[in-house]
1. Counting Lys and Arg as +1 and Asp and Glu as -1, each charge on the Cβ, what is the dipole of the stretch 29-127 about the Cα centre in debye, to the nearest 20?
2. Report ³J(HN,Hα) in whole Hz for each residue of the stretch 47-52, in order, from the Karplus equation J = 6.51 cos²θ - 1.76 cosθ + 1.60 where θ = phi - 60°; Gly and Pro get x.
3. Can you bin the stretch 27-127 into rounded, prolate or oblate? Criterion: square roots of the alpha carbon gyration tensor eigenvalues sorted a ≥ b ≥ c, rounded for a/c under 1.5, prolate for a/b above b/c, oblate for the rest.
4. Would you mind calculating the gained length between V46 and K106 on full extension (0.36 nm times residue separation, minus the Cα-Cα distance), in nm to one decimal?
5. Considering amide H positions built from the backbone, and no H for Pro or chain starts, which residues 5 or more places from R41, or on another chain, come under 5 Å of its amide H?
6. Which of rounded, prolate or oblate describes the stretch 81-127 when judged by the alpha-carbon gyration tensor and an a/c cut-off of 1.5?
Amino acid sequence: STLFPYTTLFRSLADRGKGGAVFLDSHLSHHCDCSAIIVLRCEPKVLAGRLRARGYPEAKVRENVQAECLDVILCEAADTGIPVAEIDCTAGSPAEAADLVERIIKGGTAISPPGGIDWSPEMGEWF
């Protein structure tokens with residue numbers, strides 16, 4: 001298997017970000033050299049429905065939902081030492097999420113600090 005050239009990606013993003021903002025929507029975002037990380041969250045049952053609607057295989061749905069229940073990406077982001085915000089995107093529209101992202105960018109991650117979302121009561125259904 002071929003490894004993805006992450007250093008090339010990160011270098012390209014750095015070049016594009018000179019003088020402005022760059023947004024990276026990815027499970028790799030927290031591995032980038034950045035000024036803030038915004039983790040978008042979703043209630044596990046809703047996430048499972050969205051992934052199934054996209055045609056994801058059941059094993060991939062379960063893997064993603066388990067990661068959401070365990071706060072995997074949030075924990076990895078917090079471990080970077082970079083300021084982290086967390087947004088629950090379960091019920092809101094994409095436009096509402098984008099508005100909150102913009103507010104966080106303008107006002108800092110304290111607007112939506114991590115740790116306020118807890119899906120752990122749903123673990124029994126997914127493990």
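1. 320 debye
2. 4, 4, x, 5, 5, 5
3. Judged from the Cα gyration tensor, the stretch 27-127 comes out prolate (a/c at least 1.5, a/b above b/c).
4. That pair, V46 and K106, stretches by 18.7 nm at full extension.
5. The answer is I87, D88, C89.
6. oblate
A short reminder: the numbers here are calculations on the coordinates, not readings from a lab. For clarity, every value in this text was computed on a predicted model and none was experimentally measured. Here the Cβ is made from the backbone with ideal geometry for all residues, glycine too, and neighbour counts use every protein chain on show.
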